[in-house]
């Protein structure tokens, strides 16, 4: 059993995480909704990040970039000269390099250990990464992201809400009883990838150095999404309605649903 959070994440993504079957990674199979009628909704959620990325800049930081596995992710750096990809997996960085070539700078290792200049980046993004960092080191990682980003520029983080309406204790108990044995085994396997999410209010601690804005990124994790919304035309309509509701009532969806997007604008000195 590996105790260190970063070692656990590194082991997962340097062994099975970025293995591919066809063009689909193990990470995508486990953690994404790849169904045909979910594609439009999932794509629009990924592109929500792009709304908060500056229209132009020189350098953008992609912290835990992986292989830049979705086409929407490529859009994030299209108006920047260089995309700095940081990752624990050398294999992921090699695949990222195959995708963006000389547009990228590829840094292998722990984000904590890689020296970076203050006020160097015009934007920083980190998707589904911070909650895989040890709970006691997450603040350090975020403050470093802010430190290396220029004043007035955004740090954009996709995180997880531990207090969704589907995470109430009674519902968790019912789901545990109904869960099939093979699903329980799969859940145990996934626990090898460290996960800890602080409550939404935790993000207010960064208001000393940045403005803090929180918006919905997506309402459900892939498992719940696949159970709740069918893969048919009715499901596609449900996704359209869900996306529009997220747009109209952002505060409600941030508070009660799964994935918030945190936008930290570094204060101007």
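The values are calculated or read from the model by the stated rules, or taken from the named source; none is laboratory data. Note that the structure is a prediction, hence the values are computed from the model and not measured. A quick note on method: Cβ atoms are made from the backbone with ideal geometry, for glycine too, and the neighbour counts reach across all protein chains shown.
Taking the criterion of being in a loop (DSSP other than H, G, I, E, B), buried (at least 18 other Cβ atoms within 10 Å of the Cβ) and touching a residue at least 24 places away in the same chain (Cβ under 8 Å), would at least one residue in segment 225-234 satisfy it? There is at least one residue in segment 225-234 that is in a loop (DSSP other than H, G, I, E, B), buried (at least 18 other Cβ atoms within 10 Å of the Cβ) and touching a residue at least 24 places away in the same chain (Cβ under 8 Å).
So how many residues does segment 188-218 have that are touching a residue at least 24 places away in the same chain (Cβ under 8 Å) and within 30 Å of residue 148 (Cα to Cα)?
Start the filter on segment 188-218 by keeping residues that are touching a residue at least 24 places away in the same chain (Cβ under 8 Å), which leaves 190, 192-200, 203, 205-206, 209-218.
Imposing the further condition that a residue be within 30 Å of residue 148 (Cα to Cα) reduces the set to 193-200, 203, 205-206, 209-218.
Total satisfying the criteria: 21.
Residue 103 meets the conditions (1) out of contact with any strand residue (DSSP E or B) (no Cβ under 8 Å at 6 or more places or on another chain); (2) free of Cβ contacts under 8 Å to residues at least 40 places away in the same chain; (3) farther than 30 Å from residue 134 by Cβ in every case but one. The failed one is (1). Taken over segment 94-142, residues that are under 23 Å from residue 203 (Cβ atoms) and not in a loop (DSSP other than H, G, I, E, B) amount to 14.
Scanning segment 51-69 for residues that are farther than 18 Å from residue 104 by Cβ and surrounded by 15 or more Cβ atoms within 10 Å (Cβ to Cβ) yields a single hit, 52.
So for segment 64-78 (the condition being on the phi > 0 side of the Ramachandran plot and touching a residue at least 40 places away in the same chain (Cβ under 8 Å)), does at least one residue qualify? Spell out how you get there, then give the answer.
The first filter runs over segment 64-78 and keeps only residues on the phi > 0 side of the Ramachandran plot, leaving 64, 66, 68.
Cutting the leftovers down to touching a residue at least 40 places away in the same chain (Cβ under 8 Å) gives us 64, 66.
There is at least one residue in segment 64-78 that is on the phi > 0 side of the Ramachandran plot and touching a residue at least 40 places away in the same chain (Cβ under 8 Å).
Would you mind stating whether residue 151 is outside any helix (DSSP H, G or I), surrounded by fewer than 22 Cβ atoms within 10 Å (Cβ to Cβ) and touching a residue at least 60 places away in the same chain (Cβ under 8 Å)? So residue 151 fits the description; yes.
Of all the numbered requirements in (1) touching a helix residue (DSSP H, G or I) at 6+ places or on another chain (Cβ under 7 Å); (2) in a helix (DSSP H, G or I); (3) at pLDDT below 95, residue 175 misses one, and that requirement is (1). The criterion of being loosely packed, with under 15 Cβ neighbours inside 10 Å and touching a residue at least 60 places away in the same chain (Cβ under 8 Å) does not hold for residue 115.
Against the test of being within 21 Å of residue 14 (Cα to Cα), touching a strand residue (DSSP E or B) at 6+ places or on another chain (Cβ under 9 Å) and touching a residue at least 24 places away in the same chain (Cβ under 8 Å), the options 96, 124 yield a single qualifying residue, 96. Within segment 15-37, being surrounded by fewer than 21 Cβ atoms within 10 Å (Cβ to Cβ) and over 17 Å from residue 92 (Cβ atoms) holds for 22, 34, 35, 36, 37.
If you go through segment 204-214, how many residues are surrounded by 18 or more Cβ atoms within 10 Å (Cβ to Cβ) and within 11 Å of residue 260 (Cα to Cα)? Lay out the reasoning, then the answer.
Our first condition is that a residue be surrounded by 18 or more Cβ atoms within 10 Å (Cβ to Cβ); within segment 204-214, this holds for 206, 210, 214.
Keeping just the survivors that are within 11 Å of residue 260 (Cα to Cα) gives 214.
Counting residues in segment 204-214 that are surrounded by 18 or more Cβ atoms within 10 Å (Cβ to Cβ) and within 11 Å of residue 260 (Cα to Cα) gives 1.
Here residue 46 meets the list (1) surrounded by 15 or more Cβ atoms within 10 Å (Cβ to Cβ); (2) in contact with a helix residue (DSSP H, G or I) (Cβ under 6 Å, 6 or more places away or on another chain); (3) more than 26 Å from residue 239 (Cα to Cα) almost entirely, failing just condition (3). For segment 91-99, the condition holds for no residue, the condition being that it is buried (at least 22 other Cβ atoms within 10 Å of the Cβ) and under 28 Å from residue 208 (Cβ atoms). The numbered conditions (1) touching a helix residue (DSSP H, G or I) at 6+ places or on another chain (Cβ under 9 Å); (2) in contact (Cβ under 8 Å) with a residue 40 or more places away in the chain are all true for residue 19 except (2).
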